[in-house]
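Down below is the structure, laid out as structure tokens.
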Amino acid sequence: MRSISHKKIFRAVRLAFMVLIFIAVFFAPTFRASADDLAASTPGAGFGGTNPQSVGLVNPLSCDNLGCVADAVINFLLDIAFVLVSIMALIGGFQMMTAGGNPEKFTKGRNTLYYAVIGFAVVLVAKGAASIIKSIIK
């Protein structure tokens with residue numbers, strides 16, 4: 001029987017915890033709607049309305065067209081990119097500081113920082129390109 005090291009278990013638990021926090025922070029407010037919100041936003045909807053058979057849904061993006069939805073999605077992804085680049089910069093800096101003279105570990109930390117900056121630059125260029133295309137279409 002093969003034993004699983006404590007490091008692998010700790011990594012799996014840490015990853016699961018980070019995914020749960022990500023879901024809770026970014027997606028829970030989007031899907032949250034109580035019966036009072038539904039009743040207040042849609043006449044006759046929800047509990048105690050004039051027509052209990054109809055059900056209304058709240059638009060969390062409050063967008064009417066595809067351009068507005070695209071802007072909301074791009075801004076959401078940009079917010080995620082800000083958080084991720086900050087985390088990756090901390091991880092890369094920590095790897096470099098704890099290398100202890102080992103050139104392989106130092107290079108790994110430097111590459112983590114390098115790829116975080118490149119990824120963030122790609123996200124910023126995509127945001128700029130979307131803005132340019134949107135201004136050309138209007």
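For Ala70, which of the numbered conditions (1) modelled with pLDDT of 90 or more; (2) surrounded by 12 or more Cβ atoms within 10 Å (Cβ to Cβ) fails to hold?
With (1) modelled with pLDDT of 90 or more; (2) surrounded by 12 or more Cβ atoms within 10 Å (Cβ to Cβ) applied to Ala70, the lone miss is (1).
Among the candidates Met88, Met97, which residue alone is over 25 Å from Val123 (Cα atoms) and modelled with pLDDT of 90 or more?
Result: Met97 is the single residue among Met88, Met97 that is over 25 Å from Val123 (Cα atoms) and modelled with pLDDT of 90 or more.
Quick check on this structure: which one of Gly119, Gly128 is out of contact with any helix residue (DSSP H, G or I) (no Cβ under 8 Å at 6 or more places or on another chain), at pLDDT 85 or above and in a helix (DSSP H, G or I)?
Residue meeting the stated conditions: Gly128.
The values are calculated or read from the model by the stated rules, or taken from the named source; none is laboratory data. Keep in mind the model is a prediction, meaning the values are calculated, not measured. Note: ideal-geometry Cβ built from the backbone for every residue, glycine included; neighbour counts use all protein chains shown.
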